[in-house]
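*Asks:* The structure that follows is given in the form of structure tokens.
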Amino acid sequence: MQKGNIGVTTENIFPVIKKFLYSDHEIFLREMVSNAVDATQKLKTLAEKGDFKGELGDLTVHITLDEKNKTLTISDRGIGMTEEEIDKYINQIAFSGVNDFLNKYKDNANAIIGHFGLGFYSAFMVSDKVEIITKSYKDGVKAVKWSCDGSPSFEIDDAEKADRGSDIILHIADDCKEFLEKNKIQGLLNKYCKFMPVPLAFGKKTEWKDGKQVETAEDNIINDMEPLWTKTPNTLKDEDYKKFYHELYPMQDDPLFWIHLNVDYPFNLTGILYFPRIKSNIDLQRNKIQLYCNQVFVTDQVEGIVPDFLTLLHGVIDSPDIPLNVSRSYLQSDRDVKKISTYITKKVADRLNGIFKENRKEYENKWDDLKLFINYGMLSQEDFYDRAKDFSLFKDVDGKHFTFDEYKTLIKDNQTDKDGQLIYLYATNKEDQYSYIEAAKEKGYSVLLLDGQLDVPTVSMFEQKFEKSRFMRVDSDVIDRLIVKDDAKSTELDSDQADNLSSAFRSQMPQIEKAEFSVEVQSLGENALPVMITQSEYMRRMKDISKYQSGMSFYSQMPDSYSLVLNSDHALIKGILDDENAKCGEALKPVISEIKGQQARLSALHQNQSKKKPEEVTQEEKDDLAETEKALDEQRNKKKQIIADYAKDNKILHQLIDLALLQNGMLKGAALDAFIKRSITLI
């Protein structure tokens, strides 16, 4: 019997392993089973080379739970170990100290993958004692037993073992009792070991007998040794890919389509990436790509390997060339990873382009599901825009699809303004913006439907990419000012009439939380609507973008800015103006006269004082100026009050304001109730 200390210069190696080497305790099972699979694979390799001439026999790895004795055992019939090999691989962590130990392996974790020694020590994260009973495949060697209680001291003794291979017996610690639960172990095996290339048995299969589930003699194999990504694509059917997708994601709808990756130069990479039916919430879709290393599950945190926008995809990537740190849980950024990332991006773009060209109709049918994914890609990765611009689509409000070039050709003759800017009109909601869309259509204009989650920031990107182009939402202005063809037609009203009219409407605009209204008079033609509400394209877009970009939150705090546009050509507006003149004209005459007199006096005072230096202006002159300004304000307020007193009783004026608000979904509660009652009275 041999006793000794594990070859490290500190007694604190096990706490270090627990704290730093492995970020998650549960991966001990992956390491134990991976070691058993490695030992089995090595024996198969030796047999293929002729270095092992015995019978391979059943190579199933068995995972056995003994709740009574608090043990979990992983047994294989692989190459096993001699006493010398145990001493070499298990006992000699021959580093000069903890720091060297960690530093050596932080950048070169491939040395750990499949290396029996270091992965083995993860067992001590959950065990207060670990035993190895092993017998080498070599002829004439004896079986040995190694045991350690989590301190640097160990024991090696002779053992009885008839067959080659190793049994790793973990005596589970009291603070890790969950690893003695069958469901817990079943879940971990399913997570980490589902596709390992050697049969893994956990317990026995059960069958229904005499009203209950009873165990049979047949091993319960928990893994698929030849997962779909390891097979040749031309041997597979659509149904195979869909079936595998539902094995990975049982509750998901069928995927849109998929890409089968298979490359062996300049790196090894296999896998299947699925395009899920993405609806709206990006974050809910993340962490669905599973990363494997030689069919061993590593992580579903694939940021760094896969470009950010591709984390919306689902599926599997398997590569022995992806560098991992010791925990196999966090990816290291290096040139190989970047090459893999670039390759995956190219394959995704090629696949989308291929589907678009081969079956455009099918592609258009799936566009609403694809759009979020492609927009995210174009926004987040410059080179993806260059690839995607040929298969990215616009959809108009009538459901027709166009490539960027096709749509530009469609609208360039009719939607170019007097300054040579190509104006792309768009709506974000067909129902809410219906009348604005119809007004554009009456002019022969085309309107895009941009109702996706990322369409607004994408619009800003298009304006940078497209030459001499601007995007305008159909409700951001009256149609003649969205695409200005000629100099604006001036209203026939004089400035006093326009001011009185806008003042009447302004005095009756309701107070709506986080909304500000201005009122303006425009000559829009007698067939255009009498009133309409528009919202500034710039301010609305800044507020929308502030939802996605940090540092722009001040825009989200600002009130929404709207304009109430009065059509001075419409009979109803003319009627209100005539009525206002008839009922307020006499009362307003002296006030307007006084205002003009005070304005003239104020102008003269300003002109006189402008010729003097500030210190030359006397206090009497300053007081005179202040008194004149005060008198002018009083007369202006008097004028506003006369107009407001008139406007408050004008039912047609209120009806027009409410109709404009209703059209924009802004008439609610008591105001909506008052509108309905007034409508009945007017009818």
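The values are calculated or read from the model by the stated rules, or taken from the named source; none is laboratory data. Given the structure is predicted, the values throughout are model-derived calculations rather than measurements. When we count neighbours, we look across all protein chains shown, and the Cβ atoms used for this are built from the backbone with ideal geometry, even at glycine. Ligands, DNA and RNA are excluded from the accessible area calculation, which covers all protein heavy atoms including side chains. Shrake-Rupley method; radii C 1.70, N 1.55, O 1.52, S 1.80 Å.
The rows are residues; the columns are (1) among the acidic types (Asp, Glu); (2) over 25 Å from Leu310 (Cβ atoms); (3) modelled with pLDDT under 85; (4) in contact with a strand residue (DSSP E or B) (Cβ under 9 Å, 6 or more places away or on another chain).
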| residue | (1), (2), (3), (4) |
| --- | --- |
| Thr230 | no, no, no, yes |
| Glu247 | yes, no, no, no |
| Val263 | no, no, yes, yes |
| Ile272 | no, no, no, yes |
| Arg277 | no, no, yes, no |
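*Asks:* Test Ile282 against the stated conditions and say whether it is hydrophobic (A, V, I, L, M, F, W, C), farther than 24 Å from Val198 by Cβ and at pLDDT 90 or above. Full working, then the answer.
*Replies:* Details: hydrophobic (A, V, I, L, M, F, W, C): yes; farther than 24 Å from Val198 by Cβ: yes; at pLDDT 90 or above: no.
Spelling it out, it is not the case that Ile282 is hydrophobic (A, V, I, L, M, F, W, C), farther than 24 Å from Val198 by Cβ and at pLDDT 90 or above.
*Asks:* With the condition being open to solvent by 10 Å² or more (accessible area, probe 1.4 Å) and at pLDDT below 90, I'd like the strands (runs of 3 or more DSSP E) fully within region 24-135 carrying at least 1 qualifying residues. First the steps, then the outcome.
*Replies:* Values: elements: 61-66, 71-76, 127-135.
Result: 127-135.
*Asks:* Then there's this: Quick check on region 5-13. Is at least one of its residues modelled with pLDDT of 90 or more, polar (S, T, N, Q) and under 23 Å from Lys135 (Cα atoms)? Outline the logic, then answer.
*Replies:* Keep residues of region 5-13 that are modelled with pLDDT of 90 or more, which gives none.
No: region 5-13 contains no residue that is modelled with pLDDT of 90 or more, polar (S, T, N, Q) and under 23 Å from Lys135 (Cα atoms).
*Asks:* Give just the number: which of (1) open to solvent by 40 Å² or more (accessible area, probe 1.4 Å); (2) at pLDDT 90 or above; (3) within 16 Å of Glu26 (Cα to Cα) does Asp158 not satisfy?
*Replies:* (3)
*Asks:* Looking at region 353-365, is at least one residue aliphatic (A, V, I, L, M), within 23 Å of Lys338 (Cβ to Cβ) and at pLDDT below 95? Please lay out each step first, then the result.
*Replies:* Step one: list which residues in region 353-365 are aliphatic (A, V, I, L, M), which gives 355.
Next cut, within 23 Å of Lys338 (Cβ to Cβ) only: none.
Scanning region 353-365 turns up no residue that is aliphatic (A, V, I, L, M), within 23 Å of Lys338 (Cβ to Cβ) and at pLDDT below 95.
*Asks:* On to the next question. Give me the residue from region 313-328 that is surrounded by fewer than 20 Cβ atoms within 10 Å (Cβ to Cβ) and touching a helix residue (DSSP H, G or I) at 6+ places or on another chain (Cβ under 7 Å) and, out of that set, modelled with the lowest pLDDT.
*Replies:* First, the residues of region 313-328 that are surrounded by fewer than 20 Cβ atoms within 10 Å (Cβ to Cβ): 320-321, 323-325, 327.
If we keep only those that are touching a helix residue (DSSP H, G or I) at 6+ places or on another chain (Cβ under 7 Å) too, we end up with 321, 323-325, 327.
Numbers: Asp321: 74, Pro323: 56, Leu324: 50, Asn325: 45, Ser327: 41.
Restricting to residues being surrounded by fewer than 20 Cβ atoms within 10 Å (Cβ to Cβ) and touching a helix residue (DSSP H, G or I) at 6+ places or on another chain (Cβ under 7 Å), the top hit is Ser327.
*Asks:* Suppose we filter region 641-683 for residues that are of a type in the set (D, E, K, R) and over 20 Å from Ile533 (Cβ atoms); how many remain? Reasoning before the result, please.
*Replies:* Within region 641-683, the subset of a type in the set (D, E, K, R) is 645, 648-649, 651, 658, 668, 673, 677-678.
From what's left, over 20 Å from Ile533 (Cβ atoms): 645, 648-649, 673, 677.
Qualifying residue count for the region: 5.
*Asks:* Being of a type in the set (D, E, K, R) and outside any strand (DSSP E or B) is the filter; apply it to region 199-227 and report the residue that is surrounded by the most Cβ atoms within 10 Å (Cβ to Cβ).
*Replies:* Looking only at region 199-227, we keep the residues that are of a type in the set (D, E, K, R), and these are 204-205, 207, 209-210, 212, 215, 218-219, 224, 226.
So of that shortlist, the ones also outside any strand (DSSP E or B) come out as 210, 224, 226.
Values: Asp210: 5, Asp224: 15, Glu226: 10.
Residue satisfying both the conditions and the ranking: Asp224.
*Asks:* Turning to a different aspect of this structure: So which residues in region 521-531 are in a strand (DSSP E or B) and at pLDDT below 90?
*Replies:* Taking region 521-531 as the starting set, the residues that turn out to be in a strand (DSSP E or B) are 521-522, 531.
Result: Gln522, single match.
*Asks:* Check region 342-350 and report whether any residue there is modelled with pLDDT of 90 or more and surrounded by fewer than 17 Cβ atoms within 10 Å (Cβ to Cβ).
*Replies:* yes
*Asks:* In the set Leu425, Leu393, Leu410, which member is within 28 Å of the chain's Cα centre (by Cα) and without any contact (Cβ under 8 Å) to a residue 40 or more places away in the chain?
*Replies:* Values: Leu425 fails: without any contact (Cβ under 8 Å) to a residue 40 or more places away in the chain; Leu410 fails: within 28 Å of the chain's Cα centre (by Cα).
Of Leu425, Leu393, Leu410, the one residue that is within 28 Å of the chain's Cα centre (by Cα) and without any contact (Cβ under 8 Å) to a residue 40 or more places away in the chain is Leu393.
*Asks:* Name the pairs: first residue in region 297-310 and touching a residue at least 12 places away in the same chain (Cβ under 8 Å) and closer than 21 Å to Ile27 by Cα, second residue open to solvent by less than 10 Å² (accessible area, probe 1.4 Å) and part of a strand (DSSP E or B), Cβ to Cβ under 6 Å, at least 6 apart or on different chains?
*Replies:* Here the result reads Val298/Leu291; Thr299/Leu291; Val302/Ile289; Val302/Leu291, each pair linking region 297-310 to a residue that is open to solvent by less than 10 Å² (accessible area, probe 1.4 Å) and part of a strand (DSSP E or B).
A quick yes/no check of all residues on (1) within 17 Å of Ser495 (Cα to Cα); (2) open to solvent by 40 Å² or more (accessible area, probe 1.4 Å); (3) not basic (Lys, Arg):
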| residue | (1), (2), (3) |
| --- | --- |
| Tyr562 | no, no, yes |
| Ser568 | yes, no, yes |
| Ala582 | no, yes, yes |
| Val591 | yes, no, yes |
| Ile595 | yes, no, yes |
| Gln598 | no, no, yes |
| Ser603 | no, yes, yes |
| Lys612 | no, yes, no |
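*Asks:* So the check is Cβ under 8 Å with 6+ separation or different chains; which pairs have a first residue in region 123-138 that's over 20 Å from Glu26 (Cα atoms) and a second one that's charged (D, E, K, R) and in a loop (DSSP other than H, G, I, E, B)?
*Replies:* Matching pairs, first to second residue: Ile133/Lys161; Thr134/Lys161; Lys135/Lys142; Lys135/Lys161; Lys135/Asp163; Lys135/Arg164; Ser136/Arg164; Tyr137/Arg164.
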